[in-house]
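Inspection log for the structure reproduced underneath, given as structure tokens.
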Amino acid sequence: MKEAEKSNKFGVITPEVLNEIKDAVSAKNVYTDEADIESYSYDYTGKIFAQRFDVLVKPGNAGQISALMKAATKHRIPVTTRGAGSGLAGAAIPIYGGIVLSMEKMNRILEIDPVNRAAVVEPGVVTNDLCRAAAAKGLLYAGYPMSTELSFIGGNIGTNAGGGKVIRYGNTRRHVLGMDVVTASGDLLHLGGKYRKDTWGYPIMQLMIGTEGTLGIITKAILNLEPLPGKTVNLLAAFPDLDSMVVSVAGVVKSGAKIISCEFLDRLSAELAAKYLSTELPYQEKTEAYLLIQLEADSDEQLEAAYEKVGGICVEMGAMEVFIAESRTDSNAMWQVRQNIAEGARAEDPHASISGDIVVPLSEVPRIMKIIAAKCKAWNVVTANHGHIADGNLHPLALKPKDMTPERWAVYSEEFYADLIQEAVKLGGVGSGEHGVGCVKLDALFASKSPAELGIHSGVKAAFDPLGILNPGKLTAVK
Amino acid sequence: MRIAVLIKQVPAVDSVRIDEETGTMEREGVESELNPLDLYAVEAAARIKEAGKAESVTAITMGPPQARRALSHAIAMACDDGVLLSDAKFAGADTLATARTIAAAIKRLGKFGVILAGERATDGETGQVPPSVAELLGIPALTYVSRIVELTEESITVRRAVDGGYETVRAPLPVLLSVTKEINKPRLSTLAGKLRAKRARIDVLRASDIEADGVGLAGSPTRVVKVMYPKVTRTCRKISMNDDHEGTVREAVKFLADNSFSDARVEGVLS
């Protein structure tokens, strides 16, 4: 973004405006050091997408955010809200500069309420910290993005994060009961609450979920907690080819077993993660695809029956072997590999593009797998394919061809994904299941939606944020 | 040749809670698992059998009836059958009484060419049972075995970890080995293995089935009289960088020097 164009659309942060920002959020929460600005200018999508901005703010409470938004509105300064920076579509990248609002200081778990099965948290709470706090009271926070050790709840909500347990518990939207939101003009809204039914007016809270901080700033969340699952077991099925893995998924899903997770890793994904972790999965040298399946049951006997049935289906469909985790150590060994594919890819290729996130109906998974293979050939790209296959959600992770510059690759990889997205949409799917649109998939979003739908998008944005200062350049075009 | 693997069911390490009042382990609702270090012994036995040097592998454990699960795990990995030593009279045993019980059972079960065990159990952490069993059986004990170099019908050559390095030793069979984590990478159980474990033979031996004196709590010369929970206390001093960078660094270095880091000093140019 050229400086001239920026200043054309938005206000400039003069020393006077900076003082107003400091008055709003307290000077100790305002950072303008080169090093601070640099490290908040990009997210996990990649440093190549970094955008300069002017002021980093780490507010301590909703009142400060409200005061900040009043100043931002007055001077028309862009405000981009940021969680842990683990996003994979560049939603937290401040395309138009201005202010980055990091929620890291608002990281308190305010309440775990067993009676209402609800947690009240600030947006900077790390997902896994909430999971632990809930588990200590015998409850489960069921959100399980692969970045659970890192990502913030606020970011989970902002991207409607999915992850490895969506088939059983749904995505983040299903876990949000209520929230406090500061609007673009600085008003504080209390939306939803500790209840699970609500036909009381437009579902404004739902619009805040998955909209990447373009409509408001979440300052508190009330989240649904589930009872802890009964007994669980993890299975790792090794397949000699993709086809037998894909047909197994359909069988597993309709087996009647209670499935918590059904994750797919192809050969390259397993290799990259295993190498990074200095480990090896069993049968790795002859496996083209793994399924990692987690099952739940009330008793050991039921669990045994469930894994025998599900494992049996995999064997029947062609699995060479099905491994059963006997302990937490075994389970961790399996899940560690699944959780570290992105890290493994980045260790091998720092420019690996992790943003691929297409979704198709489950019945179209076989077809999209073949299309991915064909497109890889056509684009001369190698992908490590993995994902939440029972949700029809696949992550083709593209490695940079050796002879391409990182700058060219940043564009080329997204053009490649845009091509895959078109195919996914043709099959009745969408371009992103959980990573979001961010700055990297905006053109693909515009290309796949009708003018009528995009018009409503713009109208919604204008209703919440008439000046367009909340995370500009995301989800809608900047006017 | 037959092989025996001595195994133990232990509380899953990350679910152990100690009651600070009584100093005892809270076992209520605690998950159990096969002692992680025993997996290496099971794997070592499996590899000997797969190399065609043994016709069978028997897993042996002493414990309550639910310890059958640990035997099933060992069988699902690679063992052929299991023996559970379970009797109220065995309860509360220390390492010597446990070794007496296991040694008596092994005598009753017949000849094993190689007896394998993990280095130690993750709950007791003593590592005393395997060599005690060997002593009671009157056979050599090779501890901390990190590699089996050669196994013949008469003898075994192993590399064992010792202070500062390794030594390679040979012993005649029968022999008892306790193995370290270095020896192999244990396999995961397979579905086929789990199904086999369901059908496999697991014999239960009671006190009356074996000839053993001095078992259980009554036969234990040692008593746990007190368990202390180590208190970890850490203090933190936070030094924030202000505009006087050099002063801040000097303050940090002085703090380290004053607190047993006697080598701490400022080197080079601070800017």
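The values are calculated or read from the model by the stated rules, or taken from the named source; none is laboratory data. As the structure is a prediction and not an experimental result, all values here were calculated from the model. Virtual Cβ from ideal backbone geometry, glycine too; neighbours counted across all protein chains shown. The accessibility values were calculated without ligands, DNA or RNA, using every heavy atom of the protein model including side chains. Shrake-Rupley method; radii C 1.70, N 1.55, O 1.52, S 1.80 Å.
Of all residues in region A:293-305, count the ones that are crowded, with 17+ Cβ neighbours inside 10 Å and away from chain B (no Cβ under 12 Å).
Residues that pass the stated criteria total 4.
Restricting to region A:134-179, name every residue that is over 21 Å from A:Leu470 (Cα atoms), among the β-branched types (Val, Ile, Thr) and in contact with a Gly (Cβ under 9 Å, 6 or more places away or on another chain).
Listed by number, the residues that qualify are A:Thr148, A:Val166, A:Thr172, A:Val176.
Just name the residue that is farthest from A:Tyr169 (Cα to Cα) out of those in region A:271-284 that are within 14 Å of another protein chain (Cβ to nearest Cβ) and assigned to a helix (DSSP H, G or I). Spell out how you get there, then give the answer.
Step one: filter region A:271-284 for residues within 14 Å of another protein chain (Cβ to nearest Cβ), giving A:274, A:277-284.
If we keep only those that are assigned to a helix (DSSP H, G or I) as well, we get A:274, A:284.
Numbers: A:Ala274: 28, A:Gln284: 30 Å.
Checking each candidate, the answer is A:Gln284.
Where residues in region A:123-153 are in a loop (DSSP other than H, G, I, E, B) and over 21 Å from A:Gly193 (Cα atoms), which of them is farthest from the chain's Cα centre (by Cα)? Working first, answer last.
Here is the first cut: in region A:123-153, the ones in a loop (DSSP other than H, G, I, E, B) are A:123-125, A:137-138, A:141-143, A:145-151.
Checking the rest, the ones that are also over 21 Å from A:Gly193 (Cα atoms) come to A:138, A:145-151.
Numbers: A:Gly138: 26, A:Pro145: 7, A:Met146: 8, A:Ser147: 8, A:Thr148: 10, A:Glu149: 13, A:Leu150: 12, A:Ser151: 9 Å.
Applying the filter and picking the extreme gives A:Gly138.
Just one of the numbered conditions (1) at pLDDT below 95; (2) open to solvent by 40 Å² or more (accessible area, probe 1.4 Å) is not true of A:Asn380; which one?
With (1) at pLDDT below 95; (2) open to solvent by 40 Å² or more (accessible area, probe 1.4 Å) applied to A:Asn380, the lone miss is (1).
How about region A:328-373: which of its residues are among the charged types (D, E, K, R), under 16 Å from A:Asn385 (Cβ atoms) and within 21 Å of the chain's Cα centre (by Cα)? Walk me through it before giving the result.
Just the residues of region A:328-373 that are among the charged types (D, E, K, R), to begin with: A:328, A:330, A:338, A:343, A:346, A:348-349, A:357, A:364, A:367, A:370.
In the following step, the residues that additionally are under 16 Å from A:Asn385 (Cβ atoms) were identified as A:338, A:348-349, A:357, A:364, A:367, A:370.
Selection gives A:Arg338, A:Asp357.
Quickly run through region A:28-47 and pick out the residues that are of a type in the set (Phe, Trp, Tyr) and buried (at least 18 other Cβ atoms within 10 Å of the Cβ).
The initial filter retains those residues of region A:28-47 that are of a type in the set (Phe, Trp, Tyr), namely A:31, A:40, A:42, A:44.
Listed by number, the residues that qualify are A:Tyr40, A:Tyr42, A:Tyr44.
Give me a count of the residues in region A:83-120 that are part of a loop (DSSP other than H, G, I, E, B), touching a helix residue (DSSP H, G or I) at 6+ places or on another chain (Cβ under 7 Å) and free of Cβ contacts under 8 Å to residues at least 60 places away in the same chain.
Of the residues in that region, 1 qualify.
From the set of residues in region A:217-254 that are small (Gly, Ala, Ser) and buried (at least 18 other Cβ atoms within 10 Å of the Cβ), which is nearest to A:Asn128 (Cα to Cα)?
Step one: of region A:217-254, the residues small (Gly, Ala, Ser) are A:221, A:230, A:237-238, A:244, A:248, A:250-251.
Adding the requirement that they be buried (at least 18 other Cβ atoms within 10 Å of the Cβ) leaves A:221, A:237-238, A:244, A:248.
Details: A:Ala221: 15, A:Ala237: 27, A:Ala238: 29, A:Ser244: 34, A:Ser248: 31 Å.
The extreme case among them is A:Ala221.
Of A:Lys258, A:Lys286, A:Lys275, which residue is open to solvent by 30 Å² or more (accessible area, probe 1.4 Å) and either touching an Asp or Glu at 6+ places or on another chain (Cβ under 6 Å) or of a type in the set (Ser, Thr, Tyr) (or both)?
Among A:Lys258, A:Lys286, A:Lys275, only A:Lys258 is open to solvent by 30 Å² or more (accessible area, probe 1.4 Å) and either touching an Asp or Glu at 6+ places or on another chain (Cβ under 6 Å) or of a type in the set (Ser, Thr, Tyr) (or both).
Only one of these conditions is not met by A:Asn393: (1) polar (S, T, N, Q); (2) within 17 Å of A:Leu291 (Cα to Cα); (3) at pLDDT below 95. Which number is it?
If we test A:Asn393 against (1) polar (S, T, N, Q); (2) within 17 Å of A:Leu291 (Cα to Cα); (3) at pLDDT below 95, just (3) comes out false.
Filter region A:238-267 down to the residues that are in contact with a Gly (Cβ under 7 Å, 6 or more places away or on another chain) and within 14 Å of another protein chain (Cβ to nearest Cβ) and list them by number. It would help to see each step written out before you state the result.
From region A:238-267, those in contact with a Gly (Cβ under 7 Å, 6 or more places away or on another chain) are A:239-240, A:244, A:261, A:263-264; that's our starting set.
Hit for region A:238-267 is A:Phe239, nothing else.
Name the single residue, out of those in region A:307-330 being more than 10 Å from chain B (Cβ to nearest Cβ) and part of a helix (DSSP H, G or I), that is most open to solvent (accessible area, probe 1.4 Å).
Applying the filter and picking the extreme gives A:Glu316.
Quick one: in region B:50-93, of everything that is within 14 Å of another protein chain (Cβ to nearest Cβ) and part of a loop (DSSP other than H, G, I, E, B), which residue is farthest from B:Pro174 (Cα to Cα)?
B:Ala78
I need a count of the residues in region B:97-133 that are in a helix (DSSP H, G or I) and open to solvent by 40 Å² or more (accessible area, probe 1.4 Å).
5
Can you tell me which residue in region A:333-343 is most open to solvent (accessible area, probe 1.4 Å), limited to those that are of a type outside the set (S, T, N, Q) and out of contact with any Ser or Thr (no Cβ under 8 Å at 6 or more places or on another chain)? Lay out the reasoning, then the answer.
Our first condition is that a residue be of a type outside the set (S, T, N, Q); within region A:333-343, this holds for A:333-335, A:337-338, A:341-343.
Cutting the leftovers down to out of contact with any Ser or Thr (no Cβ under 8 Å at 6 or more places or on another chain) gives us A:334-335, A:338, A:342-343.
Details: A:Met334: 6, A:Trp335: 20, A:Arg338: 8, A:Ala342: 21, A:Glu343: 54 Å².
Per the criteria, the residue is A:Glu343.
Return only the number of the condition from (1) free of Cβ contacts under 8 Å to residues at least 24 places away in the same chain; (2) in contact with a His (Cβ under 8 Å, 6 or more places away or on another chain) that A:Phe264 does not satisfy.
(1)
Yes or no: A:Ile354 open to solvent by less than 50 Å² (accessible area, probe 1.4 Å), more than 14 Å from every other protein chain (Cβ to nearest Cβ), modelled with pLDDT under 95 and over 24 Å from A:Asp241 (Cβ atoms)? Reasoning before the result, please.
Numbers: open to solvent by less than 50 Å² (accessible area, probe 1.4 Å): yes; more than 14 Å from every other protein chain (Cβ to nearest Cβ): yes; modelled with pLDDT under 95: yes; over 24 Å from A:Asp241 (Cβ atoms): yes.
Yes, satisfied.
Pick from A:Glu288, A:Glu301: which is of a type in the set (Asp, Glu), more than 24 Å from A:Gly46 (Cβ to Cβ) and in contact with a helix residue (DSSP H, G or I) (Cβ under 7 Å, 6 or more places away or on another chain)?
One residue alone meets the criteria, A:Glu288.
Could you list, in sequence order, all residues of region A:406-462 that are touching a His at 6+ places or on another chain (Cβ under 7 Å) and either buried (at least 18 other Cβ atoms within 10 Å of the Cβ) or under 14 Å from A:Leu394 (Cα atoms) (or both)? Write out each step before concluding.
Residues of region A:406-462 that are touching a His at 6+ places or on another chain (Cβ under 7 Å), as a first pass: A:406, A:409.
The one that is touching a His at 6+ places or on another chain (Cβ under 7 Å) and either buried (at least 18 other Cβ atoms within 10 Å of the Cβ) or under 14 Å from A:Leu394 (Cα atoms) (or both): A:Trp409.
Report, ordered by the first and then the second residue, all pairs with beta carbons closer than 6 Å, sequence separation of six or more or different chains, a first member in region A:48-75 that is closer than 17 Å to A:Ala91 by Cα and open to solvent by less than 50 Å² (accessible area, probe 1.4 Å), and a second member that is among the hydroxyl-bearing types (Ser, Thr, Tyr) and not in a helix (DSSP H, G or I).
Between residues of region A:48-75 that are closer than 17 Å to A:Ala91 by Cα and open to solvent by less than 50 Å² (accessible area, probe 1.4 Å) and residues that are among the hydroxyl-bearing types (Ser, Thr, Tyr) and not in a helix (DSSP H, G or I), the close pairs are A:Phe49/A:Tyr42; A:Ala50/A:Ser41; A:Ala50/A:Tyr42; A:Gln51/A:Ser41; A:Leu56/A:Tyr31; A:Leu56/A:Tyr40.
Being open to solvent by 40 Å² or more (accessible area, probe 1.4 Å) and in contact with a helix residue (DSSP H, G or I) (Cβ under 8 Å, 6 or more places away or on another chain) is the filter here, so list the residues in region A:151-193 that pass it.
Selection gives A:Ile167, A:Arg173, A:Ser185, A:Asp187, A:Leu188, A:Leu189.
Please work out if A:Val360 is more than 14 Å from chain B (Cβ to nearest Cβ) and either in contact (Cβ under 8 Å) with a residue 40 or more places away in the chain or under 30 Å from B:Ala74 (Cβ atoms) (or both). If you could, list the steps in order and put the result at the bottom.
Working: more than 14 Å from chain B (Cβ to nearest Cβ): yes; either in contact (Cβ under 8 Å) with a residue 40 or more places away in the chain or under 30 Å from B:Ala74 (Cβ atoms) (or both): yes.
Yes, satisfied.
Is it true that B:Ala46 is under 30 Å from B:Val224 (Cα atoms), open to solvent by less than 10 Å² (accessible area, probe 1.4 Å) and either touching a residue at least 60 places away in the same chain (Cβ under 8 Å) or touching a helix residue (DSSP H, G or I) at 6+ places or on another chain (Cβ under 6 Å) (or both)? Explain how you work it out, then say what you get.
Details: under 30 Å from B:Val224 (Cα atoms): no; open to solvent by less than 10 Å² (accessible area, probe 1.4 Å): yes; either touching a residue at least 60 places away in the same chain (Cβ under 8 Å) or touching a helix residue (DSSP H, G or I) at 6+ places or on another chain (Cβ under 6 Å) (or both): yes.
It is false that B:Ala46 is under 30 Å from B:Val224 (Cα atoms), open to solvent by less than 10 Å² (accessible area, probe 1.4 Å) and either touching a residue at least 60 places away in the same chain (Cβ under 8 Å) or touching a helix residue (DSSP H, G or I) at 6+ places or on another chain (Cβ under 6 Å) (or both).
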